[in-house]
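A.B. asks: Take this structure, written in structure tokens, and hold onto it; I'll ask about it next.
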Amino acid sequence: MNWNAQEVDMYIQQKEYIDTLVVPLVKIETAAEKMKASASSSDFLMYLAKFLEAQFKGRMMFTPPVSYTPSFDAEQIVQTIAADFKGSAFKHTFFMTTDPTLATVQLEEGQVIWLPSIPIESMEPNLKQKFMEDKLQQILPIFTEQWAE
């Protein structure tokens, strides 16, 4: 489910089944020489989020992406969002990012999933689909481990 008015209405009616919140974290590089890689990472992350949402509709709620520039304290952003959702009906909170500086962030509530970015903008649709299926198989154990607790 996505964080929009229609799907939040469905969430409110079915929140006992939708126990997982996923927050995409997008680092926006401001230096001209890093912008293309940053945009490519954003494309990858948002495509993967869309793919995951389609696979787990009815189990996961995806927030809009949280974007930040290098001058922000990204770890503090993650800690604050995790704390804000601590008292919510979501039992599990995951942050997905391609930002390697967040790979080791430890949270009291929630977990950061770091994914190395792969340029997908020039991939053919069939290859992109296969690639996303492979990524899903890599990160699925992270979700299922949390769900089992």
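The values are calculated or read from the model by the stated rules, or taken from the named source; none is laboratory data. All values reported here derive from a predicted model rather than from experimental measurement. Glycine gets a Cβ as well: all are built from the backbone with ideal geometry, and neighbour counts include every protein chain shown. What goes into the accessible areas is simple: the full protein's heavy atoms, side chains included, and nothing from ligands, DNA or RNA. Shrake-Rupley method; radii C 1.70, N 1.55, O 1.52, S 1.80 Å.
A.B. asks: Specify which of the listed residues (GLU121, GLU149, GLU145, GLU109) is open to solvent by 60 Å² or more (accessible area, probe 1.4 Å) and touching a residue at least 60 places away in the same chain (Cβ under 8 Å). Quick ask: steps written out before the conclusion?
C.D. replies: On the way: GLU149 fails: touching a residue at least 60 places away in the same chain (Cβ under 8 Å); GLU145 fails: touching a residue at least 60 places away in the same chain (Cβ under 8 Å); GLU109 fails: touching a residue at least 60 places away in the same chain (Cβ under 8 Å).
Only one candidate passes the filter, namely GLU121.
A.B. asks: Could you say which residue among GLN76, GLN106 is at pLDDT 95 or above and over 13 Å from the mean Cα position of the chain (by Cα)?
C.D. replies: GLN76
A.B. asks: Please go through (1) of a type in the set (Ser, Thr, Tyr); (2) under 17 Å from ASP99 (Cα atoms); (3) open to solvent by 80 Å² or more (accessible area, probe 1.4 Å) for TYR17 and return the number of the only condition it doesn't satisfy.
C.D. replies: Of the numbered conditions (1) of a type in the set (Ser, Thr, Tyr); (2) under 17 Å from ASP99 (Cα atoms); (3) open to solvent by 80 Å² or more (accessible area, probe 1.4 Å), the odd one out for TYR17 is (2).
A.B. asks: Okay, moving on. Select from the stretch 79-91 the residues that are β-branched (Val, Ile, Thr) and surrounded by 19 or more Cβ atoms within 10 Å (Cβ to Cβ) and list them in ascending order.
C.D. replies: If the condition is that a residue be β-branched (Val, Ile, Thr) and surrounded by 19 or more Cβ atoms within 10 Å (Cβ to Cβ), then ILE81 is the only one that fits.
A.B. asks: Can PHE94 be described as in a strand (DSSP E or B), open to solvent by less than 80 Å² (accessible area, probe 1.4 Å) and in contact (Cβ under 8 Å) with a residue 60 or more places away in the chain? If you could, list the steps in order and put the result at the bottom.
C.D. replies: On the way: in a strand (DSSP E or B): yes; open to solvent by less than 80 Å² (accessible area, probe 1.4 Å): yes; in contact (Cβ under 8 Å) with a residue 60 or more places away in the chain: yes.
Yes: the conditions hold for PHE94.
A.B. asks: I would also like to ask the following. Just to be sure, is GLU121 within 20 Å of LYS36 (Cβ to Cβ) and at pLDDT below 95?
C.D. replies: yes
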